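One structure is given here, and the rest of the page talks about it.
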Amino acid sequence: MGNPLLDISAVVDQDFLNKYDIKLNNAILAEEKHFPMYEEMAKNYKVEFIAGGATQNSIKVAQWMLQFPGATSYIGCIGKDKFGEEMKKNCKLAGVNVRYYEDESTPTGTCAVCVLGGERSLVANLSAANCYKSDHLRKQANWALVEKAKYFYIAGFFLTVSPDSIQLVAEYAAATNKVFTMNLSAPFICEFFRDAQEKVLP
């Protein structure tokens, strides 16, 4: 489970980073001051659009390594829009079994990937990814994926969205002696979502 985001990736210049107060080698959530940057990137730089988000990227690599269609599954929230359709198509082509919750009123999330001098910085505008609800996870067809899984990976970023969903999976993994893995993702997770993180870790 994670935050599915459409990556908008481009090599930018230092002036662009300064304008939006972006530090290299960092990952942050977009604030209002960052909202114009996505359009500016698309207009002024050569951008690449990639179905991403930390966990979705990881599961696509795991699927590629396993070479067996449907060996991996992924859950998250997208908008009911063209970017969401692109995301579904991309993951299905990669062989990943996706079960997105589709939010009708919020657009698919995006992430600016600003590259300069071989380093990058991520500015995530979660949008629909921020709308995931554990009710979707509890649906029989989706929970069946949890029961079928042998390994679980959830990036720390998802603590900002649905800590109760993480808790459900973590408790199930502990009770059934399955492998549950998580990372810290970015400094702001440890700073501002420490309570949720400490609840899940045991």
Original post:
Applying the selection to the stretch 57-70, what residues are open to solvent by 50 Å² or more (accessible area, probe 1.4 Å) and over 12 Å from the mean Cα position of the chain (by Cα)?
Top reply: 61, 64, 65, 66, 67, 68, 69
**OP:** Would you mention how many residues in the stretch 139-166 are within 24 Å of residue 187 (Cβ to Cβ), assigned to a helix (DSSP H, G or I) and either open to solvent by 10 Å² or more (accessible area, probe 1.4 Å) or charged (D, E, K, R) (or both)?
**Re:** 4
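Taking the stretch 99-116, which residues are without any contact (Cβ under 8 Å) to a residue 40 or more places away in the chain and over 23 Å from residue 39 (Cα atoms)?
101, 102
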Original post:
If you check 199, 139, which single one turns out to be under 30 Å from residue 70 (Cβ atoms) and without any contact (Cβ under 8 Å) to a residue 40 or more places away in the chain?
Top reply: 139
Subject >> Residues of the stretch 1-40 satisfying the condition of being assigned to a loop (DSSP other than H, G, I, E, B) and out of contact with any Lys or Arg (no Cβ under 8 Å at 6 or more places or on another chain) >> reply: 1, 2, 3, 4, 12, 13, 22, 23, 30, 31, 35, 36
Original post:
Is at least one residue of the stretch 41-56 under 19 Å from residue 146 (Cα atoms), open to solvent by less than 50 Å² (accessible area, probe 1.4 Å), assigned to a helix (DSSP H, G or I) and hydroxyl-bearing (Ser, Thr, Tyr)?
Top reply: yes
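The values are calculated or read from the model by the stated rules, or taken from the named source; none is laboratory data. Since we're looking at a predicted model, the values are computed, not measured. Counting neighbours? That spans all protein chains shown, and the Cβs are built from the backbone with ideal geometry, glycine included. Heavy atoms of the whole protein, side chains included, go into the accessibility calculation; ligands, DNA and RNA do not. Shrake-Rupley method; radii C 1.70, N 1.55, O 1.52, S 1.80 Å.
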